[in-house]
Amino acid sequence: MSLWKDVQFSVRSMRKSPRIALTVLATLTLGIGANTAIFSVVNATLLKPLPFHNPGELVELNADLRGLGAHNVGFSVPELEDLGDRAGIFTAVSVVWRTTANLTGGDRPDRLDALGVSPNYFSILGAQPQLGRLFDARDTADGFAEAVVISDGLWHKEFGGDPSVLGRSVRLDKDLYAIVGVLPPQFHHPSIPGLHPVDLWFTAGFRAEPFPAPKRSLRFLPGIIARLKPGITPQQAQAQLGAFSDSLRREYGSDYPATAGWTLSVTPLTEVVAGSARALLTSLLLAVGLILLIACVNVANLLLVNATARQREMAVRLALGATRGRIIRQLLTESVLLSLVSAAAGVGAAAIGVRVLVGGLPSQLPRLNPIGLDARVLGFSLAIALLTTLVFGLIPAWQASRTHPGTAELRERGGSASRNAARLGKSLIGAEVGLSLVLLVAAGLLLKTFWNLMEVNPGFNAHHLLAGSFRLPVPNDPKADEYADIDRRTHLVRESIRRLHGIAGVENAAMSSVVPLNGPVIPGGFRVEGVPDKGDAPTAVEVSVTPEFFSTMGTPLLRGRMFQESDDAMSQPVALLDEAAARRLWGGVDPVGRRVRSSRDVILSRLKPVPAPWMTVVGVVGDAKLSSLDEIEVPHIYESLYQSSKRDFGVLVRAIGDEAALTRNVRREIQTVDSDLPVSDMTAMTDLISNGVGDRRFAAWLLGAFALVALLLTCVGVYGIASYSVVRREKEIGIRSALGASRRQLVLMILRDGMVPVLAGIACGCIAAVFTGRMLAALLFGVNSEDGLVLTCAGITLIVIGMLANYIPARGAGRIDPITALRNE
């Protein structure tokens, strides 16, 4: 019953001081709402388990040839079978082969994102169909099975959600497949963030046409996912994989030469899906945590001043027999009530904030789980509400309970208690300033990173440049492959480029095996002719391009010559290097006229093993960034597309005009050459650049907003304590003025006293900011985590804020009439 009385009394106290109550509620609502909104994103992307059966047992496997400088080299069919049958670690393993397929036979061709898997893929993930069935033993085949499973998105997009879709035939890359199942809308393949969602799944045994005959050293399977046996941790699996790979090297020595450095690694699928988002979201969660701490400090100061103003009330209650514990309980009840109301308001604000956040989230964040307010998020909000009670409620309550029920306290406004409160308030202000500095520095580092990325020279002119892609079909029967002959591929590319040049507004056009800045490109190892093989091959990214590529991109020739139309299948293989590759492979020696080839003796051409050819270097071009803007000194080796077996083509068009019209015209001209070739993802290169820095931009602007909020709260906090100090020292100021102190001296006195905690907070904040910068190192580019300019600007900003917040009360102190001040006392 006494608790209910405490609540009633708390409500009456708030009604007596509505401005204080509303200020506390607004401040805490801001802090709790921001924390709840960001935590909902962290919860969905990092904390929630993956939406699969026993997700902790799911892992991804990778293989490297470290001696050849080759990473993620894939697996051979015998290695896949050994991992499933002999490793003793996994209950099941499945191939994951991400690719695209051309859907034809309808009104218009479409390019679909596809995933090639083993028949047990869905059982490994524990997936269930929305309609029909998933792959099972009926789909076992040496080559491709005739069954496909489609996503809910593709079901509605291409088939209008028709339930009779089961059994319907679809033509993919010239081959017919039967749809056997439809996945539920919440199922998504677990992969690194930023990739297109998978539209359909096909399955194969990977042992017969169109695949090559199984051979241990022929690694054409790009990746594997697996389910660990119960009780085996990823760390234990990694140790056992080391022993397993050693045994394979001993058993098949010719397939695993020591110089190749073949190694296996296992990564929890949760880490794969999180990608680089973990560092980003952890930083944002820490940032909003600082906002909440700053809000708590502000509220603590506000309640401390309020408690000091209620000092006479507390003295009376103590004189009437109330205990210190009873006083503390009453004030804590007021704090809990404020916290709970703020938590409710904060959750409401977070619900709105989450919708805004989801709309602005960069593509680099995983989206396997829905982002929203669930039981865990609501529990988090309640927990931080109670935590804030302890942070901002306990200190003022404890301070107020130290009031003594003596005559002085009953009569006077000042006293030791108010002086102790003033000292405590200044200490809290110092903490608040330090926390604000940390946020300012973090925001400054990320804003500088974003600015540096946008100022990076990509090595080409991105303006008025459109990029898209298409893929030549790969039918299961090699005899049905109309593009098996390189001359047929060359004719298609040349005729397409000729037609693209005829489009109004097009200045130049080219093709390449990659679309610049549209995703990571894995480098491979290379050998230089005449340099002994010591098992330490340097790496470079290999790109196939047409002769028009460099003029279309605006990349300069530095030495030698560009590719020519005559550099085709009938001539000697040639290559162009960028400056980074020239330095990496030849140092200071001119590479023109020298030869280079892949460090792997055998490469795959339409999944058929062929000897890696020696390529003669004919020129050196300027460095360009093809994977991402933040790549540093990544070497690139360019080969002629007319001498390449590549079947995935990027279309690059430099043109001025309406993008939508240009996109339609590009698709029309390429489909005039081959009506079954859909051109997809036509995008302005400037948009690709912008999307590539989406995570840094998101973090920079969000942290910038948090820093502005922190500055506002700090300014209010400093002003509040300075104002309280002037009121508390009104008698002293009156005496000083009566004894001859000038207005300027009084203003400087208040400014000096008010700036001491501000400067102390800046000093402590600088130390904390250095550690914060190191935590952000993974997100930074072109800026040191201890950047002096950012630290200096943040410090000066807080000094200016502190001076302004202290000057207004100080100026008021200079205008105090000594007679009035002394009469009031």
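The values are calculated or read from the model by the stated rules, or taken from the named source; none is laboratory data. As the structure is a computational prediction, the values presented were derived from the model and not from experiment. Using ideal geometry, Cβ is built from the backbone for each residue, glycine included, and neighbour counts are taken over all protein chains shown. Just so you know, the surface numbers come from the protein's heavy atoms only, side chains and all, with ligands and any DNA or RNA stripped out. Shrake-Rupley method; radii C 1.70, N 1.55, O 1.52, S 1.80 Å.
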Which shape class applies to the stretch 418-577: rounded if a/c is under 1.5, otherwise prolate when a/b exceeds b/c and oblate if not, where a ≥ b ≥ c are the square roots of the Cα gyration tensor eigenvalues? prolate
Determine the share of the stretch 441-517's accessible area contributed by carbon and sulfur atoms, expressed in whole percent, with a 1.4 angstrom probe. 52
Tally up the carbon and sulfur contribution to the accessible surface of the stretch 173-290 as a whole percent, 1.4 Å probe, everything protein left in place. 59
Of K625/K646; K157/K625; K215/K625, which ones are farther than 24 Å apart at the Cα? K157/K625; K215/K625
Give the calculated FRET efficiency between R250 and A344 to the nearest 0.05, with a Förster radius of 56 Å applied to their Cβ-Cβ distance. 0.30
Apply the a/c threshold of 1.5 to the C-alpha gyration tensor of the stretch 182-292 and tell me whether it is rounded, prolate or oblate. oblate
For the Cα atoms of the chain, what angle does the longest principal axis make with the long axis of helix 234-251, in degrees from 0 to 90, nearest 10? 20
Once the Cβ-Cβ distance between L712 and I522 is put in as r, and R0 is 56 Å, what FRET efficiency do you end up with, to the nearest 0.05? 0.75
Is there a quick way to get the dipole size of the chain? I mean about its Cα centre, with the Cβ of Lys and Arg at +1 and of Asp and Glu at -1; what is the value in debye to the nearest 20? 4700
Give the accessible surface of the chain per residue, rounded to a whole number of Å², with probe radius 1.4 Å and ligands, DNA and RNA excluded. 43
Under the helix-only model (-39500 (n - 2.57) for each DSSP H run of 4 or more, divided by the residues of the chain), the mean residue ellipticity at 222 nm, to 500 deg cm²/dmol, is -16000 deg cm²/dmol
Radius of gyration and Dmax over the Cα atoms of the stretch 48-93, both given in Å: 13.5, 39
How far apart, in nm, are two points set 7 Å out from the Cα along the Cα-to-Cβ line at L47 and at H156? 2.9
Expressed to one decimal in nm², the mean projection of the alpha carbon convex hull of the chain is 43.6
Starting from 0.36 nm per residue, how many nanometres of slack lie between M775 and S164 once their C-alpha separation is accounted for? 214.6 nm
Quick one: with all protein chains in place, what share of the accessible area of the stretch 729-769 is carbon or sulfur, to the nearest percent (1.4 Å probe)? 64
What's the extension gain from E507 to D676 if we count 0.36 nm per residue and subtract their Cα-Cα distance? 58.2 nm
Would you mind calculating the gained length between E146 and I192 on full extension (0.36 nm times residue separation, minus the Cα-Cα distance), in nm to one decimal? 13.7 nm
In terms of the alpha carbon gyration tensor, root eigenvalues a ≥ b ≥ c, rounded if a/c is under 1.5 and otherwise prolate when a/b exceeds b/c or oblate, the stretch 558-709 is oblate
Relative to the compact globular guide of 2.2 N^0.38 Å, what is the alpha carbon radius of gyration of the stretch 425-509, as a ratio? 2.29
What the 10 Å binned alpha carbon P(r) of the stretch 42-156 shows, as percent of pairs per bin from 0, is 10, 33, 36, 18, 3, 0
Listed highest first by mean packing, meaning other Cβ atoms within 10 Å per residue, what order do 637-643, 692-698 come in? 637-643, 692-698
Roughly how tilted is helix 18-42, in degrees to the nearest 10 and between 0 and 90, from the longest Cα axis of the chain? 20
Mean separation of Cα contacts under 8 Å (6+ apart) over length of the chain, as relative contact order %: 17
Determine, at each q value in 0.23 (inverse angstroms), the log₁₀ of I(q)/I(0) that the Debye formula gives when each Cα of the stretch 663-732 is one equal point scatterer. -0.97
I'd like to know which of L445, G430, A480 lies farthest towards the positive end of the charge dipole of the stretch 413-562, counting +1 on Cβ of Lys and Arg and -1 on Cβ of Asp and Glu. G430
Can you list residues whose amide H is under 5 Å from S544's amide H, if they're 5+ apart or on another chain and H is modeled 1.01 Å from N? S513, V514, E639
